[in-house]
Structures are given as C-alpha cells and as structure tokens.
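One structure is given below, encoded as structure tokens.
The values are calculated or read from the model by the stated rules, or taken from the named source; none is laboratory data. All of these numbers come straight from a predicted model, not from anything done at the bench. Note that each Cβ is placed from the backbone with ideal geometry, even for glycine, and that neighbours are counted across all protein chains shown. Heads up: the accessible areas ignore ligands, DNA and RNA and are worked out on the full protein's heavy atoms, side chains in. Shrake-Rupley method; radii C 1.70, N 1.55, O 1.52, S 1.80 Å.
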Amino acid sequence: MKKLIVANFKMNEQPNEVKQYFIKFVSQFTGVRADVVICPTFVNIPFARFLTDGSVVKIGAQNVSDEEQGAFTGEVSAKMLKAYGVEYVLIGHSDRRIKFKESDKLINKKIKTALKNGLKCIVCVGESLADRNTEQTYEVIRKQLEEDLRGLYENELESVIIAYEPIWAIGTGNNASVKDVENAAKVIRKVILENFSEKASRDIQVLYGGSINEKNYSPLLNSAGIDGGLIGGLSLNVNAFLNIVNSVK
Ligand code: PGA
C-alpha cells in the first residue's frame, strides 16, 4: 500500500504563493510512491482545488465545525467543504486542542459531523512533554482515542486516519524516533482492536507528524509500521515536499 503524506500549511500561505506552489507541485508530483493530501487555509481551498483539478492530489481542510448549519459566525461546515471538493479534514490537531481549547468531546462531535457529510477524518493524537517525562504517553493516546472515536460505527472507521503527533515534536525540530512512533502505532491499533474489531485495527492508517524534514523522513516514513506522515513547516517548501513525496518507499 502506498504511503499517505499530508501537508498542513497552517495559517501561512498567501494566495499568490498558492498559485506558484500548486502549479509546480502538480507538474512534478509523480504519485507513484505516495498519496498526497494538501491542507491549505479555508480561503485558499477553492483556488487550490481549481489548480489540482484532474490531478491525483487531494485537498484537505485544517478544521471543520461540529455543527451542520446555522448561526455560528466564523465557522465552516462539513457540507460546504464537501461542496468545494474537499475530501479530508484534520481534526484534533494540537494547535486546536491547546490554542483553541478544543476538548475530546468537541473533537468527537466534529468527527461525527464530518463523517456524516462524507469527509475523511485525519484525527491527531499525541502527548505533551510532561506526559512523556512521566511515562504517560500511552494512557494519553488511549484516552484521546477512546473519547474522540466514541460512538462511531465500525464501518465509519474506514474513513478515519490517525496521526500520532507528539506535541513536543511539533514545530520544535525534535522528531520522535522510529521506535517511539512504531510503539505508539501499536498502542493505537490495540485501542482500535479493543473498541472496534481486528479488521479495523489492521486496516486503519497510522501516520506520524512532528518536525519531519528532508534529513529524518526516510527511516520514519519508510518503516513498515508507519503508514505515512503529516508534515507542517517543511510542506511549505514545494521543492523539499516534492522530494519527500516522490522518493518515499
Ligand atoms: P511540523 O508540524 O512538521 O512543522 O512539526 C506538524 C503538524 O503540526 O502537523
């Protein structure tokens, strides 16, 4: 199975940069080694969709409302994203958990709303440095997964991807080791097995995110136990991102 590599632009790209980025990316992405999802900011999604039309590059959103429709000023619904050709959405990113105080309860509702509207959810989980230092990594991941995925039907898990993103590794230059990620992926599959089924636990894709760069990506993304990556900072550099997605094995 091909690796899945997701780019998270966060709140960085300007519209004029989006144009150059996507023209170059679409013309040079081979699609042989990896499936790619790029998540621009909301306002750049229609343009990004236009520029990737007819290519294998998929567009994701960085966030979605837990509500379907109505008086929710500033929110964007799953149905709107779907109408713009968005196929994936990041939910539970640590930026949102920490800076926007998103709870597991809210994340659970967002996942259910997104799935109901036909979006695939990339659900981010991961521990803080304090959790890691007190050896609570696995309990934290377990609790997040159990609360975030509570009440989902087993067949809905086919549209869920888990990204293990230790908070201490995001944007810090400190990546987790291959062993750290493989162990976290095992725990994630165990939680899915206990709460859903053996099939779901086997089939779910588990990605790693946190300071992936051109030097460290190879062992991380080429591990058999890791199904792909979620890349923030480096994905803004089109040449570096192309190099990774075209050469991962
Ligand atoms: P980073 O971000 O690659 O810049 O560490 C990863 C993420 O936030 O998903």
Ignoring solvent entirely, what values of log10 I(q)/I(0) come out of the Debye formula for segment 180-249 at 0.18, 0.20, 0.22, 0.26 Å⁻¹ when each Cα is a single scatterer? -0.69, -0.79, -0.89, -1.09
Please work out how much length the chain gains when fully extended from GLN14 to ASP53, using 0.36 nm per residue of separation minus the C-alpha to C-alpha distance, in nm with one decimal. 12.1 nm
Across segment 231-237, in residue order, what do the Karplus-derived ³J(HN,Hα) couplings come to in whole Hz, using 6.51 cos²θ - 1.76 cosθ + 1.60 with θ = phi - 60° and x for Gly and Pro? 10, x, x, 5, 5, 6, 8
Within-15-Å neighbourhood charge of SER247 [Cβ basis; K, R +1; D, E -1]: +3
Report, largest value first, the span of the C-alpha coordinates of segment 77-144 along each principal axis, in whole Å. 45, 21, 18
Which whole-number percent is the relative contact order of segment 19-138 (Cα, under 8 Å, 6+ apart)? 22
Of 191-202, 87-98, ordering from highest average Cβ density within 10 Å down gives 87-98, 191-202
Considering the options ILE170, VAL140, LEU157, tell which one lies farthest towards the positive end of the dipole of segment 117-198, charges being +1 on Lys and Arg and -1 on Asp and Glu at the Cβ, about the Cα centre. ILE170
What full-extension length gain, to one decimal in nm, is calculated for LYS105 and TYR84 as 0.36 nm per residue of separation minus the Cα-Cα distance? 4.9 nm
If amide H atoms are modeled at 1.01 Å from N in the peptide plane, then the residues at a separation of 5 or more from ASN213, or on another chain, having amide H under 5 Å from its own are none
FRET efficiency (THR30, ASN216; Cβ distance; R0 25 Å; to 0.05) is 0.70
Hey, what's the chain come to in accessible area per residue, 1.4 Å probe, Å²? 48
The alpha-carbon pair-distance distribution computed for segment 39-102, with 10 angstrom bins and whole-percent values, is 21, 49, 26, 4
Using a Gaussian network for the chain with springs between C-alpha atoms less than 10 Å apart, which of these wobbles most: PHE29, PHE42, PHE50? PHE50
Among the listed pairs LYS24/LYS116; LYS3/LYS110; LYS58/LYS186, which have their C-alpha atoms separated by more than 32 angstrom in this model? LYS24/LYS116
Rounded if a/c under 1.5, otherwise prolate or oblate - segment 107-236, Cα gyration tensor axes: prolate
Give the dimensionless ratio obtained when the Cα radius of gyration of the chain is divided by 2.2 N^0.38 Å. 0.94
